[in-house]
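The structure appears right after this line, and notes come after that.
The values are calculated or read from the model by the stated rules, or taken from the named source; none is laboratory data. Nothing here was measured: the structure is a model prediction, and the numbers come from that model. Reconstructed Cβ throughout: ideal geometry from the backbone, glycine too, with neighbour counts over all protein chains shown. For accessibility, only protein heavy atoms count, side chains too; no ligands or nucleic acids. Shrake-Rupley method; radii C 1.70, N 1.55, O 1.52, S 1.80 Å.
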Amino acid sequence: MAYDFNKLSKFIDDHQTQFITLLEEAVAIKSVSATPQLRPEVIRIMQWFAKKLGNCCFLTFPAFYIFIAY
């Protein structure tokens, strides 16, 4: 089954402003994982992303659980 990439392209073009807004929100969070001082921001971006995925009906879980092993 071939996918109609013209539909995908149109969808992206039609929602360009929304995608740019999401990108602006994401890059505003200073989440450099190699910097210990910014670790709270890493958790913040993970929570932000999980919320966005949750809004799209994806199952997510709190980022806290990822750090238990460390």
Legend entry - Close pairs (9 angstrom Cβ cut-off, 6 or more residues apart or separate chains): farther than 16 Å from THR21 by Cβ and part of a helix (DSSP H, G or I) in segment 39-59, open to solvent by 100 Å² or more (accessible area, probe 1.4 Å) and of a type in the set (A, V, I, L, M, F, W, C) anywhere: ILE43/PHE64; ALA50/PHE58; ALA50/PHE61; LEU53/LEU59
Inset, instruction - Residue by residue through segment 1-19, note down the ones that are closer than 23 Å to ALA50 by Cβ and either open to solvent by less than 80 Å² (accessible area, probe 1.4 Å) or not in a helix (DSSP H, G or I) (or both). - result: HIS15
